[in-house]
Amino acid sequence: MGGKVLELASDRLRAEGRMEGREEGRAEGRAEGRMEGRSEGCAEVYSRFIIKGMISYEEASLESGLSIETLKKAVEASLSSK
């Protein structure tokens, strides 16, 4: 028959939207991963200060932007790894 397959505009737009969504999702995932890595490192540093009595949970939370719960978990993890 030799006819061409026509691509509908709606199909093309849908495919473009999916590609854009995937790209945005990947970018967000990478950003979240970087932030998670930073907060883990930050929590580890502040947990050392808390353990040494150099800073309180409240002060560490204000300075780091991490929740007190996150800092408590970091302190517990640090103490249990020793």
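FYI, it's all coordinate maths here, none of it is from the lab. None of these values were measured; they are calculated from a predicted model. Cβ coordinates were reconstructed from backbone atoms using ideal geometry, including for glycine residues, and neighbour counts include every protein chain displayed.
So here's what we get for this one:
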{"read-out": "Reachable aspartates and glutamates, given that their alpha-carbon falls under 16 Å from the alpha-carbon of residue 72 and they are not under 8 places away in the same chain", "value": "40, 44, 58, 59, 63"}
{"read-out": "Cβ-placed point charges (K, R +1; D, E -1), dipole of the stretch 9-80 about Cα centre in debye, nearest 20", "value": "220"}
{"read-out": "Residue order, fewest to most surrounding Cβ atoms within 10 angstrom, among 56, 81, 47", "value": "81, 56, 47"}
{"read-out": "Farthest toward positive dipole pole in the stretch 9-80 [+1 Lys/Arg, -1 Asp/Glu at C-beta], among 21, 57, 75", "value": "21"}
{"read-out": "Sequence-separation-based contact order of the stretch 9-80, relative, with Cα cut under 8 Å and 6+ spacing, percent", "value": "27"}
